[in-house]
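First the structure, in the form of structure tokens, and then the observations on it.
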């Protein structure tokens, strides 16, 4: 399930968009996109977007109901290496 622009739960497929060419692989940008079922009540859009820069995970976008940093820490990434720009944390 995903949330539409009005905040209501809608049925949608979620896809992980991994680097598709050498430029994206170098930049280490990862996104999860939601593509709603037909008839579409809301447009396709980015659900989560993060990138890796040096030794940091920089989360640019997150519209899920989960705290992204907790999921990353649970996956073994130290909190001090996670920057949540979508929540206003500055990039150092």
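The values are calculated or read from the model by the stated rules, or taken from the named source; none is laboratory data. Note that the structure is a prediction, hence the values are computed from the model and not measured. Every residue, glycine among them, receives a Cβ derived from its backbone with ideal geometry; neighbour counts consider all protein chains shown.
Some points to look at:
- Positions within segment 37-86 being in contact with a strand residue (DSSP E or B) (Cβ under 8 Å, 6 or more places away or on another chain) and in a helix (DSSP H, G or I), in sequence order: 68, 69, 72, 73, 81, 85, 86
- In segment 1-36, the residues that are assigned to a loop (DSSP other than H, G, I, E, B) and modelled with pLDDT under 80: 1, 4, 5, 6, 7, 8, 11, 18, 19, 20, 21
- Of the set (1) under 17 Å from the mean Cα position of the chain (by Cα); (2) at pLDDT 80 or above, all apply to residue 55 but (1).
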